[in-house]
Each structure stands twice: as C-alpha cells, then as structure tokens.
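Undergrad: Structure provided below as structure tokens; questions to follow.
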Amino acid sequence: MSRPAVVFDGVWKKFRRGERHDSLRDLIPAATARLLGRSRPSRDDLTEKEFWAVHDVSFEVGAGEALGIIGPNGAGKSTILKLLCRILRPTRGACEVRGRAGALIEVAAGFHPDLTGRENVFLQGAIMGMKRAEIARKFDEIVQFAGVGEFIDTPVKRYSSGMNARLGFAIAAHLDPDVLLIDEVLSVGDAAFQDRCVARMRELIARGIPIVFISHNLPAILELCSRAIVVDHGTVKFDGSPAAAIQEYQLVPWTTAAGTNTAVSVAPIRIARTELLNHRDESSAVFQTGGALRVRVKYEAPEPVRSASITIDIHRGDGVYCAGVNSLMDKYDLGILSGTGHVDLMIPRLNLLPGCYLISVGILDNTVGRTYDLHNRAYPFSIMSDRRDLGVIYLEREWTHQTHAAAATRRNLVAAGKDE
Amino acid sequence: MTLIAQFNEMILEQVEYRELLYQMTLRDLLLRYKQTVMGFGWAIFMPLVNTAIFSVIFTRVARIETPVPYPLFAFCGFLFWNFFASSLRFSVLSLTSNSNLVTKVYFPREIFPFSAVLVCLVDLAVGSILLAGLMFYYGIAISPALFFLPVVLAVLLAFTAGLALLLAMSNLYYRDIKYLFEVGITVWMFSTSVVYPVESVGGRLGQLLALNPMTQLIEACRSVMLYGRLPAAGPFTAAAVVSILVLFAGWQIFHRAEFAFAENV
C-alpha cells in the first residue's frame, strides 16, 4: 500500500503574540543583545510573547478519504491548512502533501482589480500551478462554471464580490488537484452556486482524491467527509467519524466559543449522553425515511427532580426548524428523576426527507421555566432514502384518479334522448 | 557540495514555475499599459529627459570629454543604469505590495523580485530602440563586439537579480529599507559612470570608485555598443565574478528565509 497523500506528523507551530516592529530602530538593540551572548531561545521553548498555534498535531489522509476539521474560532484550523499548503513551515515535525495540492483558501487572492476577468483567469491559474495550455483548454468551462458570461473582458474591479469569488472558485475547481484543501469556501455565492461547488467536491471525492475540509458548516462535514478531527487550542481533541466528532464538538463547553452549553451553573440534573437508536436498537447516525428513530436521553440527577420535562428539537443542516416536541406539552409525566436513568422518545416513522439533521436535547424545569441542561444541535444524523420528494417532510399519501367522462357521456346521451 | 545541490534545486523550482514568472511579468506590463497613458513610452521618456538635462550641464556649463558625443554617452549610461535602478526599486516593494499573495498562496517567492527585473528588461529593450536611433544619428557603426553584448547583459542581470532578492527580503523585515534605498541609489548613480566617466575622478576617491562593479558593467555596455571593442578583460572579469557571487549568495539567503515570509509580512 502506498503512503498516504497527506501526512501531518507531530507538527508544532509557534506564533508570536503582540506587535512586531519592522524598523531598523528595533534591530539595533536586538542585535546587540544577541551579540552580548544572550543567545536566542531554542526552537522548543517559548518566550513570554510566543504561543503554540499548533501543538503536536498528527494525522494522515489517504486516497479516497475526506477529512473534516472542526473546532472553535482560533483553534488553529486555518494554520493547519496553511502548513499543508506550504505557506507556513512547521517549527517542529513534518508535514507533507504529495502531488499537486489544490487549495481552495483564498481563491481570488491573485486577482488584480485592473485586469480583466480573462487576464485574471490566466494569472490566477498560473498562481495555482496550472500551465497556460491547460488554462486555455479549460477556459470556456471555467467561465461557464463561474457564470460571469459576457463580463469576462471587463476589469475585475467592476465585478460584484460574488462574481469575483465565483470566478476564483471556478478556476480552483478546474485545477485537477492530487489533493484538495478547502477552507470555508462554501459560504460564497448563491444557493445554486453552492450546490455546484458541493457537486464538484463530490465528484473529486468519488474519483478518490483526498480532501482536507475545514468548515463551520457541520452538516456539510457530515455529508462530505469520511472522517473528522476536532481541534482546539492547537491540539487534536478527537479523531473519528464525522457524526461522533460533531457530537464531541457540540458538547464540550469551548472556552473560546460563545457557550453552546447554556445550562445553569449548578443543576440538580444533567444530560449525561444521548443516543440515536435505529429499529434494531443500535446506535446509528444514518436513518431511513419512514424508519424508526429512538432518541434515548440518559440523565444524571444527584438530587431528585420533580416536574422536569424533556424537549427534543430537530433542525435541518441549513437551519430549518423541522420539529420540536416536549414531554410536558405531550402531557407525559416523567415522574421523579433521580440518580441515573434514561428517557426514550420513540418515533416509529421518521418522515423526514434525505439530508443532514441535528437534534437538540434539553431538560427543563416546569415550575420556573428555566433550563437545567441543553445540548444544542449536538446530535447529527443523516437520512437516506430513494424517495424523490422535495421539501422537508415525507407525506404519507395516496393518489387516486376518477374520470368524469362516463357521467358526461351519460348526460350527453340523456340530452340527446330528449332531443329525439 | 550541498550548496551546489541546493542551488540546482532552486533553479529547477524556477523552471517548474516558469509559467508563473511569465504571467507575473505579463501582469505588471499589462498594468502599466492600462494604468498609464504613455505606457511603454515611459521607458524612452525617462532616460531621454535625464539625458537632455545632463547634456545641457556637461556640454554647455561644465564641458567634459567623452569618447562618443555626450548625449549618446549619457543616454546609453541612463538606459542601462535605469534598468538596474528600476529593477531594484520595484523589487524593494515587490514582496510587501503583494502581501495578500505572500500570506495566502504558496509558490517560490523569488518570482516577485525576478518578475520586477524582467519587466525592467522589457523597458530596456524598448529604450534600446531609441539608442539605435541615436547611434544612427551620430554615425556610430555597429561592430562585431556587439556579439559580446549578451554576456555583458547576463552579468548585469545576475548582479541586478542578486541585489533585487536581498532588497526585497530586507524590506519585508525592515520597512526602512525602501527609504534607505532611495538615498543609496542616488549616491550610487553618481559613483558610477552614468553621466560622466568616473576615471576622471582622481586620487583616493577615484581608486575607491573604481571598485564599483556597476561602473565596469555600464562601461562594458558602452564598449560593445558604442566604442566597438570588448570590455577590458581584467575589470570585467572581476565584475562578473562579483555579480555571480552576489546572485548566488542573495538567492541562497532569500531561499532559506522565504518560508518565514508569510509570518513577517
């Protein structure tokens, strides 16, 4: 078996905090300090102004694998990608990408506002490592993909920001890379363009091209990636299936992210874990339209809790609120919750159409209406189906057809009979 | 030995990215053509104005002896000097003004100063049309020594590129460089045989000025184009050796530092 296409082996990257001065005025004291024998700190130590942006991170991505990287802002995700693209070099460790790396990072970085779209396509293509003949061959395809049409000979400074980004992405999408590195590019363009981008990524994944995908769009990670890692403070906190990684990411109260965990500080009850079970009572992240889903909420209650209720919400990946149920509204009395136990919500027929969904689970106090614990959009699952319905829900239905022709004929006959 | 191997690798990298070097050069040329009304006319206009000014000074005010008519002497000097000075002037800013590329896309950073030098080489070619016209006007015949011009140009190119790399890099770390450069380049011009023959400066200062490789290179250009003879072997060889060393050292230093550029822009 060949070596993986992307190897990130024990990589450390040091960054400086605060301002760095760029004038000779600062060089002279620094140089004298150095000459006087105060040697530079070694690579492995941090001075007070430095910090590790990437702290001993290792992963590999092989052929046909799509790795998602998720984590709060400032966790080091983009630094990892910049290390992969060779824009930055690791302080320690090794990172290697074999073959031509197509980086969808700043897809329009090389554009010059005074040049026309056509000239910029050739320039940006060359920046991304394409040969002139190759760009010329794909030129029409690129213009069509970007949908800039007759504006191709207009200077880019007259383009809207959407057109700019679309043209940039179109060039990058036609790169035919050996490895694809993506950083949050799906946020550009309108819905139709985003669909085309996702389709293009699927096509590359299907061809077995390894992909590293950084995004805050968790459903996209769930949908496109075969594996995901959670990064926080420069270290890998979790490495596993995308569904498990998303759970991990959503459940940890990240210090840098605005609290996803909005529970009261000392709650008498908390959600220990939630499991999504299929019709065979196996934990799963993939369900069928019309199949069974059992949401099992495991709780821990150090003190007995009366009059609590459980709320379960389902959101689609794009934010559409699909359903919200609550045990109190369903007039189901949970009784006294004490110690550990679990509450099941059985949905015999999950009538959702294919896509990615996120489940939120909350335990509420009915008496004062406060939240004991909330796992907001923490449990992802996807729905598979061969149904071709559009929309959000699957409607159980039947079609019938009754022709009124017989009645009409009879009426005609009757009318004709009268005539005779 | 490893130095040689590394140098080999650096050159191979440039060969691999030759299309990008071409596109970046084309970009700068296109931009100049689009953003200015005169476009390439500036390549002729600037040395022409300078030549006119110094022709007045050195033929009317303070007469000096030159081997060929003074305007020709000065224009030839300015043409090659401007190639050198403008290459460096563009290179100084080449990394800092392209900071969005430096921080966001990977490719060999040498492309920036190199394309700055190539753009100025195109200017040199455009300007030499006027030089040919002036030579015709003053009845200077072309001699077989002109075949040596590519060698002279190659040496000038090596010296310019070597300094361009060093300047581009140092301005990234210390933005003072671009101001220092403007002072330095003016002093350097008057220490070089651009507007007057430096040999005419006598004494210690004259000996010191003779060490300036640019004087040898500009004189070599005049030799093969205007005087119809090969440049003086000793000084030219010395200048060539210095130029190659500058390119070699400059490129090595640049190449070792370029990984840190994205963090320092």
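Undergrad: Filter segment A:304-319 down to the residues that are over 31 Å from the mean Cα position of the chain (by Cα) and in contact (Cβ under 8 Å) with a residue 60 or more places away in the chain, then identify the one that is surrounded by the fewest Cβ atoms within 10 Å (Cβ to Cβ).
TA: A:Ser307
Undergrad: Continuing with the same structure: Just name the residue that is modelled with the highest pLDDT out of those in segment A:124-173 that are of a type outside the set (Val, Ile, Thr), over 25 Å from B:Phe112 (Cα atoms) and in a loop (DSSP other than H, G, I, E, B).
TA: Selected residue: A:Tyr159.
Undergrad: With the requirement that a residue be surrounded by 14 or more Cβ atoms within 10 Å (Cβ to Cβ) and over 26 Å from B:Ala125 (Cα atoms), what does segment B:201-219 give you?
TA: Correct list: B:Val201, B:Leu209.
Undergrad: Quick check, is A:Ala228 farther than 24 Å from B:Glu16 by Cβ, in contact (Cβ under 8 Å) with a residue 40 or more places away in the chain and among the hydrophobic types (A, V, I, L, M, F, W, C)?
TA: Numbers: farther than 24 Å from B:Glu16 by Cβ: yes; in contact (Cβ under 8 Å) with a residue 40 or more places away in the chain: yes; among the hydrophobic types (A, V, I, L, M, F, W, C): yes.
Yes; evaluated as a whole, the condition is true for this residue.
Undergrad: Further, regarding this structure: For segment A:97-115, enumerate the residues that are farther than 16 Å from A:Ile87 by Cβ and facing chain B (nearest Cβ under 9 Å).
TA: A:His112, A:Asp114, A:Leu115
Undergrad: Scan segment A:278-298 for residues that are farther than 11 Å from A:Leu350 by Cα and either in a strand (DSSP E or B) or aliphatic (A, V, I, L, M) (or both) and jot them down.
TA: The answer is A:Ser283, A:Ala285, A:Val286, A:Val295, A:Arg296, A:Val297, A:Lys298.
Undergrad: Tell me which of these A:Gln124 doesn't satisfy, since it passes every other one: (1) polar (S, T, N, Q); (2) more than 11 Å from chain B (Cβ to nearest Cβ); (3) in contact with a helix residue (DSSP H, G or I) (Cβ under 8 Å, 6 or more places away or on another chain).
TA: (2) is the only condition that A:Gln124 fails.
Undergrad: Being surrounded by 21 or more Cβ atoms within 10 Å (Cβ to Cβ) and in a helix (DSSP H, G or I) is the requirement here; does B:Arg222 meet it? First the steps, then the outcome.
TA: Working: surrounded by 21 or more Cβ atoms within 10 Å (Cβ to Cβ): yes; in a helix (DSSP H, G or I): yes.
Spelling it out, B:Arg222 is indeed surrounded by 21 or more Cβ atoms within 10 Å (Cβ to Cβ) and in a helix (DSSP H, G or I).
Undergrad: Mind counting the residues in segment A:113-123 that are in a helix (DSSP H, G or I) and more than 10 Å from B:Arg27 (Cβ to Cβ)?
TA: So the count comes out to 3.
Undergrad: Next question, about the same structure. State which residue is farthest from B:Glu110 (Cα to Cα) when the search covers only segment B:236-265 and only residues that are within 14 Å of chain A (Cβ to nearest Cβ) and either crowded, with 18+ Cβ neighbours inside 10 Å or among the hydroxyl-bearing types (Ser, Thr, Tyr) (or both).
TA: That would be B:Ala262.
Undergrad: Find the strands (runs of 3 or more DSSP E) located wholly in segment A:331-403 whose residues include 1 or more that are hydrophobic (A, V, I, L, M, F, W, C) and over 25 Å from A:Asp281 (Cα atoms), and list them.
TA: Strands (runs of 3 or more DSSP E) meeting the threshold: A:355-365.
Undergrad: Which condition does B:Leu149 not pass, out of (1) touching a Cys at 6+ places or on another chain (Cβ under 9 Å); (2) surrounded by 17 or more Cβ atoms within 10 Å (Cβ to Cβ), if it passes all the others?
TA: Checking B:Leu149 against (1) touching a Cys at 6+ places or on another chain (Cβ under 9 Å); (2) surrounded by 17 or more Cβ atoms within 10 Å (Cβ to Cβ), the one that fails is (2).
Undergrad: Further question: With respect to A:Asp365, is the statement that it is crowded, with 17+ Cβ neighbours inside 10 Å, over 30 Å from A:His216 (Cα atoms) and touching a residue at least 40 places away in the same chain (Cβ under 8 Å) true? Working first, answer last.
TA: Numbers: crowded, with 17+ Cβ neighbours inside 10 Å: yes; over 30 Å from A:His216 (Cα atoms): yes; touching a residue at least 40 places away in the same chain (Cβ under 8 Å): yes.
In short, yes.
Undergrad: A:Pro113 - would you say it is buried (at least 16 other Cβ atoms within 10 Å of the Cβ) and either assigned by TED's automatic domain parsing to the domain that holds A:Val198 or in contact with a strand residue (DSSP E or B) (Cβ under 9 Å, 6 or more places away or on another chain) (or both)?
TA: no
Undergrad: I'm trying to understand the selection: among the residues of segment A:82-96, which are closer than 19 Å to A:Asp183 by Cα and more than 10 Å from chain B (Cβ to nearest Cβ)?
TA: Of everything in segment A:82-96, those that are closer than 19 Å to A:Asp183 by Cα and more than 10 Å from chain B (Cβ to nearest Cβ) turn out to be A:Leu83, A:Cys95, A:Glu96.
Undergrad: Next up: Does A:Leu67 satisfy being crowded, with 17+ Cβ neighbours inside 10 Å, modelled with pLDDT of 90 or more, in contact with a Ser or Thr (Cβ under 8 Å, 6 or more places away or on another chain) and farther than 30 Å from B:Leu30 by Cβ? Spell out the reasoning first.
TA: On the way: crowded, with 17+ Cβ neighbours inside 10 Å: yes; modelled with pLDDT of 90 or more: yes; in contact with a Ser or Thr (Cβ under 8 Å, 6 or more places away or on another chain): yes; farther than 30 Å from B:Leu30 by Cβ: yes.
Here the answer is yes, as A:Leu67 does meet what is asked.
Undergrad: Another question about this same structure. Of everything in segment A:239-261 that's surrounded by fewer than 13 Cβ atoms within 10 Å (Cβ to Cβ) and closer than 27 Å to A:Leu337 by Cβ, which residue is modelled with the lowest pLDDT?
TA: A:Gly259
Residues checked against (1) away from chain A (no Cβ under 14 Å); (2) touching a residue at least 12 places away in the same chain (Cβ under 8 Å); (3) surrounded by fewer than 19 Cβ atoms within 10 Å (Cβ to Cβ); (4) over 20 Å from B:Val126 (Cα atoms):
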{"site": "B:Asn8", "(1), (2), (3), (4)": "yes, no, yes, yes"}
{"site": "B:Met24", "(1), (2), (3), (4)": "no, yes, no, no"}
{"site": "B:Ile44", "(1), (2), (3), (4)": "yes, yes, no, no"}
{"site": "B:Ile64", "(1), (2), (3), (4)": "yes, yes, yes, yes"}
{"site": "B:Phe78", "(1), (2), (3), (4)": "yes, yes, no, no"}
{"site": "B:Trp81", "(1), (2), (3), (4)": "yes, yes, no, no"}
{"site": "B:Ala85", "(1), (2), (3), (4)": "yes, yes, no, no"}
{"site": "B:Ser97", "(1), (2), (3), (4)": "no, no, yes, yes"}
{"site": "B:Val105", "(1), (2), (3), (4)": "no, no, no, yes"}
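Undergrad: I would also like to ask the following. Among the residues of segment B:207-265, what is the count of those that are within 18 Å of the chain's Cα centre (by Cα) and of a type in the set (Asp, Glu)?
TA: 1
The values are calculated or read from the model by the stated rules, or taken from the named source; none is laboratory data. Since the structure is predicted, the reported quantities are computational estimates derived from the model, not experimental observations. A quick note on method: Cβ atoms are made from the backbone with ideal geometry, for glycine too, and the neighbour counts reach across all protein chains shown.
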